[in-house]
Each structure stands twice: as C-alpha cells, then as structure tokens.
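Here's the structure we're looking at; comments come further down.
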Amino acid sequence: MQINKLLRIFRGALEATIPWITKVGIKWKDGEAYDDWDNIATALYESIVSDSCVFSVTKECSLPKYDFVYKDYKHFDFIAAYAPHHQERLLAFVGFASIASPLDKVKLTMLDDEYNAIAYDILYDLKDLTFFFNQIEDGKRKKYAEVLITP
C-alpha cells in the first residue's frame, strides 16, 4: 500500500473518533487537546502507520512519535514528504493540524542535507504531498513509496 494511502487511512481513523470522543469531553483541537487526545492519536498512528512500516520494510524501526517535534532525524526512520514549493528540501511528517476544518493540514518539519531540523510547523494540504518511508540501514538511506500490508 502506498504511504500516501496509509496516511489518508490514518487521518480518516482520527477524524472518525472526533464525534465520539467529543461526547465524553475529550478535546482534540490544536491548542485545546491534551493527553487523552495524544494517547488516542498515538495509538492509532502506531497501529496503522508505524506497525505497517515496521512489519513490511524492516523488523526494527525507530519512527518519531506522532505529533512530536525533534531537532534532528539523523537516527530515525521516518515518513518523509515531497512538497511542490519545497522540492529542494526533505520534509518529515509530524502530524495533522486543524486549521479551517478537522485535521485539514499536514504538519511537517523541514530538514537540511544532514537531517537536522531547520524549520518547523510547515503546513500543507494532504493532497499536495507525496510521501515515502525513509529508512536508515547500515548508515545509508533507503526510500520506500509503498509498504506491504498483511492481513
């Protein structure tokens, strides 16, 4: 399955929980959300995205936590993105943001050539991005546009 589709499924799962968690008072909007939303989002991310990448590409993986910001990605496998206006730089997937509607933007961190973060909170529409799994193996980077999903 393409990484793009995997992230769309993850976003859909997050979005589907919003009406239900709202009924029990869990806040999910940026700036209002706390540990409960973070725990739900993290569990879905690990089950849908992380596990799919780990089981299909590598047995061990060190993906960054969902919606956390890091100063560098040198030692991480990560979901990376190509964006039309940032083609010269690699972007690392951080999470989803709610600007005009729930989870309508993708939050990214811009990386330099040595995988150091040089800009945070870059926002894009999901449809404008192409994603791939960026894995480090024996000191070298490999890129995968698809992962194998096993039932």
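The values are calculated or read from the model by the stated rules, or taken from the named source; none is laboratory data. As the structure is a computational prediction, the values presented were derived from the model and not from experiment. Don't worry about glycine lacking a Cβ; one is built from the backbone with ideal geometry, like all the others, and counts go over all protein chains shown.
Answer yes if at least one residue in the range 51-68 is surrounded by fewer than 18 Cβ atoms within 10 Å (Cβ to Cβ), in contact with a Ser or Thr (Cβ under 7 Å, 6 or more places away or on another chain), among the hydrophobic types (A, V, I, L, M, F, W, C) and at pLDDT 90 or above, and no otherwise.
No, the range 51-68 contains no residue that is surrounded by fewer than 18 Cβ atoms within 10 Å (Cβ to Cβ), in contact with a Ser or Thr (Cβ under 7 Å, 6 or more places away or on another chain), among the hydrophobic types (A, V, I, L, M, F, W, C) and at pLDDT 90 or above.
One line per residue, one yes/no per condition, for (1) in contact (Cβ under 8 Å) with a residue 40 or more places away in the chain; (2) closer than 30 Å to K140 by Cα:
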{"residue": "K5", "(1), (2)": "no, yes"}
{"residue": "K29", "(1), (2)": "yes, no"}
{"residue": "N39", "(1), (2)": "no, no"}
{"residue": "A80", "(1), (2)": "yes, yes"}
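Could we say that H75 is within 26 Å of D138 (Cα to Cα) and in contact (Cβ under 8 Å) with a residue 24 or more places away in the chain here?
yes
Could you tell me how many of the residues in the range 100-125 are in a loop (DSSP other than H, G, I, E, B) and either surrounded by 13 or more Cβ atoms within 10 Å (Cβ to Cβ) or of a type in the set (S, T, Y) (or both)?
5
Tell me whether the range 130-147 contains one or more residues that are at pLDDT 90 or above, basic (K, R) and surrounded by 13 or more Cβ atoms within 10 Å (Cβ to Cβ).
Within the range 130-147, not a single residue is at pLDDT 90 or above, basic (K, R) and surrounded by 13 or more Cβ atoms within 10 Å (Cβ to Cβ).
Hey, D72 hits all of (1) at pLDDT 95 or above; (2) surrounded by 20 or more Cβ atoms within 10 Å (Cβ to Cβ); (3) closer than 18 Å to Q135 by Cα; (4) not polar (S, T, N, Q) but one; which does it fall short on?
Here D72 meets the rest and fails (2).
Give me the residue from the range 1-28 that is outside any helix (DSSP H, G or I) and modelled with pLDDT of 90 or more and, out of that set, surrounded by the most Cβ atoms within 10 Å (Cβ to Cβ).
Ranking the qualifying residues of the range 1-28, first place goes to W28.
Every residue in the range 126-151 that is in contact (Cβ under 8 Å) with a residue 12 or more places away in the chain and assigned to a loop (DSSP other than H, G, I, E, B), please.
L129, A145, V147, L148, I149, T150 - these are the residues of the range 126-151 that are in contact (Cβ under 8 Å) with a residue 12 or more places away in the chain and assigned to a loop (DSSP other than H, G, I, E, B).
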